[in-house]
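Participant: Below: one structure in structure tokens.
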Amino acid sequence: MASVVFLRAVNVGTNTCRPALIAKQLSKFVVVNIGAAGTFVVRENVSESTLRAAIATKLPFKCEIMICPARAIVDLVSKDPFARQPSVPDITRFVSVLHKSLPSSQVTRHSSLSLPSDKEWLLKIIAIPDRFVLGVYRRQMKAIGYLGKIEKLLGVPATTRSWNTILKVVQVLRDA
């Protein structure tokens, strides 16, 4: 079964690498690079531990490596979770991929959170299905800081991608 890999904090600060080169170096797994943030579609059927080890050896620094079955990403997109959210230029839809699923008590508590407040929000979490945090944020500099607070609030490492990146992943999976 295909997998999707999300690297945390790649090409931010001193954690720089070339994802396209990593994909090329891992060609035996039929890896497709999606952008510069460390998102890969892995078409070959390979165990998570083998894939994690292979990727880690190609990185010049340590980072969290989140690996999801491709089916989980396709299922997420098929549910159209942003259907009721505004689609305007100053709002970005995002998905934070968690290192592991949350206990149901945390999902309930955080699945409709607005930061800094409900009235003047810069970031809203709209749902937390399995290992994914779905939300929207306003395109303002302060909003980026709230994205970083997601993993602190949930107590689990997370990495964030735009919904457009997730749609590109699904397109690559469908084109296989």
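The values are calculated or read from the model by the stated rules, or taken from the named source; none is laboratory data. In this text the structure is predicted, and so the values were computed from the model without any measurement. Ideal geometry is used to build each Cβ from the backbone, glycine not excepted, and the neighbour counts take in all protein chains shown. Surface areas here come from the heavy atoms of the whole protein model, side chains and all, with no ligands, DNA or RNA. Shrake-Rupley method; radii C 1.70, N 1.55, O 1.52, S 1.80 Å.
Participant: Could you please find all residues in the range 32-52 being among the polar types (S, T, N, Q), in contact (Cβ under 8 Å) with a residue 40 or more places away in the chain and in a strand (DSSP E or B)?
Facilitator: Result: 39, single match.
Participant: Sticking with this one: Please give the number of the condition residue 71 fails out of (1) over 22 Å from residue 130 (Cα atoms); (2) modelled with pLDDT of 95 or more; (3) among the charged types (D, E, K, R).
Facilitator: Unmet for residue 71, out of (1) over 22 Å from residue 130 (Cα atoms); (2) modelled with pLDDT of 95 or more; (3) among the charged types (D, E, K, R): (1).
Participant: Does residue 29 qualify as being open to solvent by less than 40 Å² (accessible area, probe 1.4 Å) and over 19 Å from the mean Cα position of the chain (by Cα)?
Facilitator: So residue 29 fits the description; yes.
Participant: Return only the number of the condition from (1) in a helix (DSSP H, G or I); (2) open to solvent by less than 60 Å² (accessible area, probe 1.4 Å); (3) modelled with pLDDT of 95 or more that residue 134 does not satisfy.
Facilitator: The failed condition is (1).
Participant: Exactly one of (1) open to solvent by 40 Å² or more (accessible area, probe 1.4 Å); (2) over 25 Å from residue 173 (Cβ atoms); (3) not charged (D, E, K, R) is unmet by residue 35. Its number?
Facilitator: Here residue 35 meets the rest and fails (2).
Participant: Step by step: first the residues of the range 61-83, then only those that are in a loop (DSSP other than H, G, I, E, B) and closer than 26 Å to residue 148 by Cβ, then the one that is nearest to the chain's Cα centre (by Cα). Which residue is that?
Facilitator: 64
Participant: Within the bounds of the range 99-119, is there any residue that is closer than 20 Å to residue 70 by Cα, touching a strand residue (DSSP E or B) at 6+ places or on another chain (Cβ under 8 Å) and in contact (Cβ under 8 Å) with a residue 12 or more places away in the chain?
Facilitator: Looking for residues that are closer than 20 Å to residue 70 by Cα, touching a strand residue (DSSP E or B) at 6+ places or on another chain (Cβ under 8 Å) and in contact (Cβ under 8 Å) with a residue 12 or more places away in the chain, one finds at least one in the range 99-119, hence yes.
Participant: So which pairs qualify, if the first residue must be in the range 53-76 and closer than 16 Å to residue 172 by Cβ and among the charged types (D, E, K, R), the second must be at pLDDT below 95 and open to solvent by 60 Å² or more (accessible area, probe 1.4 Å), the Cβ gap must be under 8 Å, and the two must be at least 6 apart or on different chains?
Facilitator: Between residues of the range 53-76 that are closer than 16 Å to residue 172 by Cβ and among the charged types (D, E, K, R) and residues that are at pLDDT below 95 and open to solvent by 60 Å² or more (accessible area, probe 1.4 Å), the close pairs are 71/1.
Participant: Residue 139 - would you say it is open to solvent by 30 Å² or more (accessible area, probe 1.4 Å) and touching a residue at least 40 places away in the same chain (Cβ under 8 Å)?
Facilitator: yes
Participant: Further question on the same structure: Take the residues in the range 98-122 that are within 22 Å of residue 7 (Cβ to Cβ) and touching a helix residue (DSSP H, G or I) at 6+ places or on another chain (Cβ under 9 Å); name whichever of them is modelled with the highest pLDDT.
Facilitator: That would be 98.
Participant: Just one of 77, 41, 95, 5 is at pLDDT 95 or above, in contact with a Lys or Arg (Cβ under 8 Å, 6 or more places away or on another chain), surrounded by 15 or more Cβ atoms within 10 Å (Cβ to Cβ) and not acidic (Asp, Glu); which is it? First the steps, then the outcome.
Facilitator: Values: 77 fails: in contact with a Lys or Arg (Cβ under 8 Å, 6 or more places away or on another chain); 41 fails: in contact with a Lys or Arg (Cβ under 8 Å, 6 or more places away or on another chain); 5 fails: in contact with a Lys or Arg (Cβ under 8 Å, 6 or more places away or on another chain).
It is 95.
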